[in-house]
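The values are calculated or read from the model by the stated rules, or taken from the named source; none is laboratory data. Being a predicted model, the structure only gives us computed values, none of them experimental. Cβ: placed from backbone, ideal geometry, glycine included. Neighbour counts: every protein chain shown. For accessibility, only protein heavy atoms count, side chains too; no ligands or nucleic acids. Shrake-Rupley method; radii C 1.70, N 1.55, O 1.52, S 1.80 Å.
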Amino acid sequence: MLRAMTFMTNHAVRIPLAANSNSFRWLGQRLADAPACDPPGPRQGSAPATRVWGGATLIACVFIAAFATRALAVEPLTGTDPLELEGDLADRMVRGIDRFLLKQIEASVAARARHWHRDFSSPEKYNASVTPNRARLAKIIGAVDPRLPITGLELMTTTDHPARVGQGEGFEVFAVRWPVLDGVYGEGLLLTPKDGKKPVADVVAIPDADQTPEMLVGLVPGVEPDAQFARRLAESGCRVVVPMLIDRADTFSTDAGGARKTNQPHREFIYRQAYEMGRHIIGYELQKALSLVDWFTADAGKDDRKIGVMGYAEGGLLALYAGALDTRIDVTCVSGYFEPRENVWEEPIYRNVFALLDEFGDAELASLVKPRELIIACSRVPDIMGPPPVREGRGGAAPGRLRTPDVNRVMTEVGRASQLIDGFKTDSSFRLVFLGDQTPKNGIEFINAPNAAEPFCDVLTGAKLTPSGAAPKYDRPGFDPQKRLKRQLDELTEFTQRLMRESEYTRRDFWAKADRSSVEKWKETTKRYRDYFANEVIGRFDLKRLPAKPRTRKIYDEPKYTGYEVVLDVFPDVMAYGILLVPKGIAQGERRPVVVCQHGLEGRPQDVADPKVNNPAYNQYAVRLAERGFITYAPQNPYIFTDRFRTLQRKSNPLKKTLFSTIVPQHEQTVEWLASLPMVDEKRIAFYGLSYGGKSAMRIPALVPKYCLSICSADFNEWIWKNVSSRSRYSYLGTMEYEMFEFDLGNTFNYAEMAGLICPRPFMVERGHHDGVAPDEWVAYEYARVRLLYADLKIPERTTIEFFDGPHTIHGVGTFAFLHQHLDWPEK
């Protein structure tokens, strides 16, 4: 950054100051060229005026003295440009990544076309052409488990309470449940015509998450009569099932065996553990709805009875996904959920779907419903400003809000959806329902109606909605819906915990094609797993990196080493930043090993590389290694500024990316630049990270082969248990680190598998007995699998673990010896 100072003389001179020697040469020349001038006349009683050289001799001297130190401090490393950026470079880096991701989200809309190959020549060929898209959609929302067969709904009755819980005009109401997955049931209300009448259609009516089935039927207060669409459809002769959804309260959101309460909405509580296991609260609840479609289809027999799905708010989300996935659904109505989805990162985290925007927006989902009927209703939804408040020790929930979709944004997305299906020769319009007079355009059919149930009933049954009758009668005194909610929550938690317990065997099957018979075979057969890890777990930007354009400035001049701040370009708006320590006395032509020293959560390069900073977690290990003769480099990773960096993860996930999708290219650029330095041996560049830096040590070297070894400190453990367990106090399930969860990691890569991608390069774990990350037995259990791999490959000397009597910290004893040994730098 160029600074300027104006000399207030007869000749005002504005001097740009770049803090390097060129600036001062410019200043000297400018002063030498300045004409002599008389100063202003003396004040009364002052000494006679004297001639002033250039009008600025004194000012120039003061100026030069003030900036001389700075000029030396920013002296660049040989072969690099001066670093002139000022301010907080970590802040600048995070802001740049944020801009980069927002641009990638914007670009994703047009980029989705590469996934679609629609054939409009017939409905059958269209459905066949989008089958791969439906399969990928089912995977990313976790609707992957085979549903249990269903032959009927179970009536929920006891000696105290009969199954029939109410009745209305022309229909009866029953409490029911139905099997969905192993140990998981759907629960809700069945509304069936009275007197044995055949239903005119079958409907799954899905309420918002904070509405109970009883509210949607009108049995209890909570939903206005006109919005009780389950009741209105039953009054019109439909058979209706209303499933209950997991709500947004936090009453039962406790982990660590119930010892730790959180303010996570119940939906987030299920989302966190399910996401790591390749499942999702969306997928679980969609399976419950589609199980009802299974029943409707089997029960209809030869009756040509249509099936409809209608949902509001959170239920609207589920209705859209149901219609997109299941071609047996004839009519879908989505109310309060349809708009451009590029701001999904602002919504509650339980709507975060990995890879969603890479292939699907709401318009693409709508195109999967066609050529069947889709009705989109503009309606108000409850404003959800965030999770339940932090209170009574409850905390840790992710931020996120819901608001009513703007009508203009809805129309924009509906218009885009119409363009996607423009190839149909028959009428391909969508029905958009809202109040007020509008003119059809862009293939959109506008319908004026007091509620969405009217056009839905008309399209589904061919008949008008029956006028509403008297309020239904409720015959279920003393019923507590919280018990039903707790039961449903417990079922989903236990199903997910069982997936966690089985994941070791699932990963074993996934890795079945990795050949341990030799190092060569291992390297060859694990290429596919490295590609999978890069593309399907971490996420890889299909972008060419920019020229690094290294800029540096000297910031330390210590007896044994010199320190430089370094900035490299990576992608547009994305830079890499760190601190390089170069030992003094490196001979001409000598090449030294490099240790990349990675800080942890909320850390900075100064925590490990500044001689005046002694953070007890890091113990100045980059400095200590530099004093031993290693070149060290301390990168700034972007996991800093709390929710600001966690929002980067939220913005990355819908793009099929993670925070490490940006970090890995930063390190690729960094390692290539380090390897280009004349004093660096490119074959001896190691990685050593603590805590979140230890998390980095498992992921970055796995994907950056130029790192010749990796040391994971204060992080290595049974990572899947740590993320998913609802029983362990070490779990992230109830903490504020909502960005930790990586989609489907539990079925593909634990830490032993990530170490397998580092293998056959040397790998070490540094573990303090009193580190609160995980218990020793978790660490030892997972590491034993790593040790066995290296032993099977006949290279056991390339891996080790050091346990020491200490906390979450760099110990720097066994690890330093490991570095001396494997980087071939004798310890002096």
### Query
Of all the helices (runs of 4 or more DSSP H) wholly in the range 575-655, which have at least 1 residues that are touching a strand residue (DSSP E or B) at 6+ places or on another chain (Cβ under 6 Å)?
606-609, 621-627
### Near pairs, Cβ below 6 angstrom, 6+ apart or cross-chain, from the range 800-818 (among the small types (Gly, Ala, Ser)) to any residue that is surrounded by 15 or more Cβ atoms within 10 Å (Cβ to Cβ) and in a strand (DSSP E or B)
806/768; 814/802
### Summary
Expected single match for open to solvent by 10 Å² or more (accessible area, probe 1.4 Å) and out of contact with any Ser or Thr (no Cβ under 9 Å at 6 or more places or on another chain) among 782, 753 is 753
### Task
Any chance you could count how many residues in the range 467-487 are polar (S, T, N, Q) and at pLDDT below 95?
1
### Query
Considering the range 482-533 alone, what residues qualify as being touching a residue at least 12 places away in the same chain (Cβ under 8 Å), within 19 Å of residue 795 (Cβ to Cβ) and of a type in the set (Ser, Thr, Tyr)?
518, 525, 526, 529
#### Entry: Enumeration of residues in the range 602-615 that are within 23 Å of residue 99 (Cβ to Cβ) and either charged (D, E, K, R) or open to solvent by 10 Å² or more (accessible area, probe 1.4 Å) (or both)
602, 604
## Note on the structure
Picked from the range 389-404 (must be part of a loop (DSSP other than H, G, I, E, B) and of a type in the set (D, E, K, R)), the residue nearest to the chain's Cα centre (by Cα) is 401
### Message
I'd like to check something: does the range 118-134 contain any residue that is at pLDDT 95 or above, over 30 Å from residue 323 (Cα atoms) and open to solvent by less than 60 Å² (accessible area, probe 1.4 Å)?
### Response
no
### Task
Test residue 193 against the criterion of being within 43 Å of the chain's Cα centre (by Cα) and over 29 Å from residue 350 (Cβ atoms), and give yes or no.
no
### Summary
Within the range 555-599, of all residues that are of a type in the set (S, T, N, Q) and surrounded by fewer than 20 Cβ atoms within 10 Å (Cβ to Cβ), the one nearest to residue 75 (Cα to Cα) is 562
### Query
If you go through the range 243-261 one residue at a time, how many are touching a strand residue (DSSP E or B) at 6+ places or on another chain (Cβ under 6 Å) and without any contact (Cβ under 8 Å) to a residue 60 or more places away in the chain?
1
### Message
Among the numbered criteria (1) at pLDDT 95 or above; (2) under 18 Å from the mean Cα position of the chain (by Cα); (3) not β-branched (Val, Ile, Thr), which one does residue 734 miss?
### Response
(1)
### Query
Of 286, 219, which residue is out of contact with any His (no Cβ under 6 Å at 6 or more places or on another chain) and open to solvent by 10 Å² or more (accessible area, probe 1.4 Å)?
219
### Task
Tell me, please, whether a residue that is open to solvent by less than 10 Å² (accessible area, probe 1.4 Å), under 19 Å from residue 631 (Cα atoms), in contact with a Pro (Cβ under 6 Å, 6 or more places away or on another chain) and assigned to a loop (DSSP other than H, G, I, E, B) can be found in the range 702-712.
yes
### Message
Could you go through the range 150-159 and let me know if any residue there is farther than 29 Å from residue 496 by Cβ and either over 35 Å from the mean Cα position of the chain (by Cα) or open to solvent by less than 80 Å² (accessible area, probe 1.4 Å) (or both).
### Response
yes
### Residue that is most open to solvent (accessible area, probe 1.4 Å) [pool: residues in the range 241-257 that are outside any loop (DSSP other than H, G, I, E, B) and touching a Lys or Arg at 6+ places or on another chain (Cβ under 9 Å)]
257
